[in-house]
Amino acid sequence: MGVNQLGYEPEPLQIKEEPDDECSSPDEVQNQLSLTVHLRSHSGEKPFPCAACGRRFAHQLSLSLHQRVHSGERPHGCQVCGRSFLSSSNLTCHLRTTHTGEKPFECLTCGKRFSQRGNLTIHLRTHTGEKPFECLTCGKSFCQRGNLTAHLSTHSSARPHACDVCGKGFSEHCDLSTHMRTHTGEKPFQCLTCEKSFNNKFNLIAHMRTHTGERPFQCGTCGKSFCQRGNLNVHMRTHTGEKPFLCLSCGKRFQRKGNLMAHMTTHS
């Protein structure tokens, strides 16, 4: 659900180990700071932790935007429908996908247009064949980071956060907290339009799009849009051919977990 598009602001760190006799020019300092921030994309360094949940960020501004998730602050309001957003970029995306239909980013190769620059960047890889996101475990490469993230779950079985009721394990504590509501029946997130309630904020946000018609998750390959990121991830497998769900009885693979579960009944 997605909901945060985080900005970037370099941390004021000094790069040079030896002092200069003269002060660096503002442009030189900015270039050094930009390099420091950029290097974190390679090193994976995330020096800014969230005091509320422990999640770490590579940039101070990214942390500041994330903290609005905890505070509930949404300073960027839509003047058309009144919805509020964490960042100005989220508001811009909302306006284009819900109200204006604007698609200012055009592919110069095939003419297809996109509402977000990032989607155009992803789409261009269908022409170049570029797949910059590589799995370090098996070497498979992907054109989108999200596809790599989904793929990595096929290698990892670490789920250190276990449910005391049913024993189900989770990789993140926040996922366990959400899961516990399936046992308690708690649904603290209510839709102000139809009063339907949900056990987590992201399900409420996804539900709200059934009222607004917003589909912010666009496929960079074919341009199809979805109201939930998970639906986009499943759709992307139609382009990549990935089938991450394996039947342990016969070895057959499936693109969707539901298809695997239905198949499993043929063995029982």
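The values are calculated or read from the model by the stated rules, or taken from the named source; none is laboratory data. Owing to the predicted nature of the structure, the values given are computational and were not obtained by experimental measurement. Note: ideal-geometry Cβ built from the backbone for every residue, glycine included; neighbour counts use all protein chains shown.
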Subject >> Lone unmet requirement of (1) more than 29 Å from Lys112 (Cβ to Cβ); (2) small (Gly, Ala, Ser); (3) touching a helix residue (DSSP H, G or I) at 6+ places or on another chain (Cβ under 8 Å) for Gly220 >> reply: (1)
Original post:
Counting only residues that are touching a strand residue (DSSP E or B) at 6+ places or on another chain (Cβ under 6 Å) and basic (Lys, Arg), which one in the stretch 126-156 is modelled with the highest pLDDT?
Top reply: Lys131
Original post:
Which residue pairs have Cβ atoms under 6 Å apart, sit 6 or more places apart or on different chains, and have a first residue in the stretch 53-69 that is in a helix (DSSP H, G or I) and a second that is among the acidic types (Asp, Glu)?
Top reply: Gln60/Glu9; Gln60/Glu11; Leu61/Glu9
Subject >> Only one of Gly251, Gly258, Gly220 that is in a loop (DSSP other than H, G, I, E, B) and exposed (fewer than 13 other Cβ atoms within 10 Å of the Cβ) >> reply: Gly251
Original post:
Are any residues in the stretch 136-162 surrounded by 15 or more Cβ atoms within 10 Å (Cβ to Cβ), touching a helix residue (DSSP H, G or I) at 6+ places or on another chain (Cβ under 8 Å) and not in a strand (DSSP E or B), and if so, which ones?
Top reply: Lys140, Cys143, Gln144, Gly146, Asn147, Ala150
Original post:
Within the stretch 182-200, how many residues turn out to be over 14 Å from Thr210 (Cα atoms) and assigned to a loop (DSSP other than H, G, I, E, B)?
Top reply: 6
Original post:
Among the residues of the stretch 125-135, which ones are surrounded by 14 or more Cβ atoms within 10 Å (Cβ to Cβ) and under 20 Å from the mean Cα position of the chain (by Cα)?
Top reply: Arg125, Lys131, Phe133, Cys135
**OP:** State whether one or more residues within the stretch 188-208 are over 19 Å from the mean Cα position of the chain (by Cα) and either in contact (Cβ under 8 Å) with a residue 40 or more places away in the chain or over 30 Å from Leu95 (Cα atoms) (or both).
**Re:** no
**OP:** Can you tell me which residue among His94, His123 is modelled with pLDDT of 85 or more and assigned by the TED database to the domain that holds Leu61?
**Re:** His94
**OP:** Please work out which one of (1) modelled with pLDDT of 85 or more; (2) part of a loop (DSSP other than H, G, I, E, B); (3) over 30 Å from Thr193 (Cβ atoms) is the condition Val80 fails and give its number.
**Re:** (3)
